[in-house]
Amino acid sequence: MIAVRWRRCIRRRCIMIRWEETDPNFKYEIMREPGGENLLNCYQCSTCTLGCPVTEVGRELGFEYNPRKVIQMSILGLRSQVLSRPEIWFCASCQICREWCPQDVRFSEVMGAIHRIAEREAEKGKLEIRSRRPDFAHAFLNQVKKYGRQYEMGLMREFYKGRILQMMKDYRRLGMALFLKGKTALLPDKIRRREEIARIFEKIREHEEKIAAEAAAEGRQ
């Protein structure tokens, strides 16, 4: 069978896309995730990329990050290429793209949807995430789940689990300065009615399980 190829120009560079390497359902998988509903609103005007500060920093540091290209690749069904790119974890969620976007695509929320898909694939052993940002995000949310608010010491201890000496090397001076100025505490503060926070996390967990089950059922069809 002769492979059907698509030719697409991305930022003045033509690439060949093999049909058998695409997943036409990838865009719908993203749209099922919270935040990914407006993916197909994008008409590739590049306004998001023009305003993205990470794109500017990326050019200076030698890596390529392009919100418009991430959306285009997602719509074209380049699932493995999108999920395996380390650049998808660079988004700072500054919301500039959302403010500028004429189509209300909400790119930072689309990135959140892509992140969740990538993490599920990593849990199944189908993908290696080349970034520690998911670890930091999980550590951050665990502190909120435990105490109802952020506990900086606990966050760093969990994020640097097994690497305490590295943490001391990286943040000794900054941590001491924050502590002396009263910006962080040795012991966590707790809020009242933490059970309401627990219910929020439980609803999120149930929703994620529902989405994962729907994706698995579609994959079996």
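Sort 137-143, 195-201 by the packing proxy (mean of other Cβ within 10 Å over each peptide's residues), most packed first.
Values: 137-143: 15.9, 195-201: 11.6.
Put in order of decreasing packing, that is 137-143, 195-201.
Of M168, S80, A122, whose Cα points farthest to the positive end of the dipole of the chain (charges on the beta-carbon: +1 Lys, Arg; -1 Asp, Glu; origin at the Cα centre)?
Working it through, the farthest residue towards the positive pole turns out to be M168.
Compute a Gaussian network model of the chain, connecting alpha carbons closer than 10 Å, and tell me which residue from M31, M153, M16 fluctuates the most.
Of M31, M153, M16, the Gaussian network model singles out M16 as fluctuating most.
Taking the simple approach of a point 7 Å from Cα along Cα-to-Cβ for both A217 and N25, what is their distance in nm?
1.2
Is it possible to state the helix-based mean residue ellipticity at 222 nm for the chain, with each DSSP H run of 4+ residues giving -39500 (n - 2.57), the sum divided by total residues, to the nearest 500 deg cm²/dmol? What is it? Don't skip to the end; give the middle numbers.
On the way: 11 runs with 126 residues, N = 221.
Value at 222 nm, helices only, nearest 500: -17500 deg cm²/dmol.
Most exposed first by the Cβ proxy, i.e. fewest other Cβ within 10 Å, how do T49, T22 rank? List each step's numbers first, then the result.
On the way: T49 22, T22 18.
The fewest-first ordering by Cβ neighbours comes to T22, T49.
Taking the Cα centre as origin and putting +1 on Lys and Arg beta-carbons and -1 on Asp and Glu beta-carbons, what dipole magnitude results for the chain, to the nearest 20 debye? Numbers along the way, then the final one.
Details: 43 positive and 30 negative charges, 135 e Å.
Dipole of the chain, to the nearest 20 debye: 640 debye.
Roughly what angle does helix 107-123 make with the longest principal axis of the chain, taking Cα atoms, 0 to 90 degrees, to the nearest 10?
80
Give me the percent relative contact order of region 22-131, please, defined on Cα pairs under 8 angstrom at least 6 residues apart. Working shown, then result.
Working: 148 pairs, mean separation 38.7, N = 110.
Worked out over region 22-131, it gives 35 percent.
What order do you get for W19, W89, W100 when you list them from fewest to most C-beta neighbours inside 10 Å? Before the final figure, lay out the partial values.
Values: W19 11, W89 19, W100 15.
Lowest to highest Cβ neighbour count: W19, W100, W89.
Which whole-number percentage describes the relative contact order of the chain, with Cα contacts under 8 Å and a sequence gap of 6 or more?
Rounded, it is 16 percent for the chain.
Please order C45, C52 by the number of other Cβ within 10 Å, starting at the fewest.
Details: C45 14, C52 24.
Going from least to most buried by this count: C45, C52.
Can you compute the modelled spin-label distance between W100 and R163, with each label point 7 Å from Cα toward Cβ, in nm?
3.2
Between 0 and 90 degrees, rounded to the nearest ten: what's the tilt of helix 67-76 against the longest Cα principal axis of the chain?
Once rounded, the angle reads 50 degrees.
Could you work out how far apart the two model spin labels at L127 and K210 are, taking each label as a point 7 Å from the Cα in the direction of the beta carbon, and quote it in nm?
2.2
Mind checking which lysines have their Cα closer than 30 Å to the Cα of K126? Skip sequence neighbours fewer than 8 apart in that chain.
Hits, sequence-local ones excluded: K27, K69, K145, K161, K203, K210.
Enter the mean projected area of the convex hull around the alpha-carbon atoms of the chain, in nm², rounded to one decimal. Each step should come with its number before you reach the end.
Values: hull surface 63.7 nm².
Computing the convex hull of the Cα atoms and averaging its projections yields 15.9 nm².
No solvent, one uniform scatterer per C-alpha: report log10 I(q)/I(0) for region 123-221 via the Debye equation at q = 0.11, 0.13, 0.14, 0.17 1/Å, two decimals.
-0.50, -0.66, -0.73, -0.94
Between helix 194-220 and the chain, what is the angle of the helix's C-alpha long axis to the longest principal axis, kept within 0 to 90° and rounded to the nearest 10?
Helix 194-220 sits at roughly 20 degrees to that axis.
The numbers here are math on the coordinates, done by the rules we state, and not lab data. Here the structure is a predicted model, which means the values were calculated and not measured. So basically every Cβ, Gly included, is an ideal-geometry build from the backbone, and we count neighbours across all protein chains shown.
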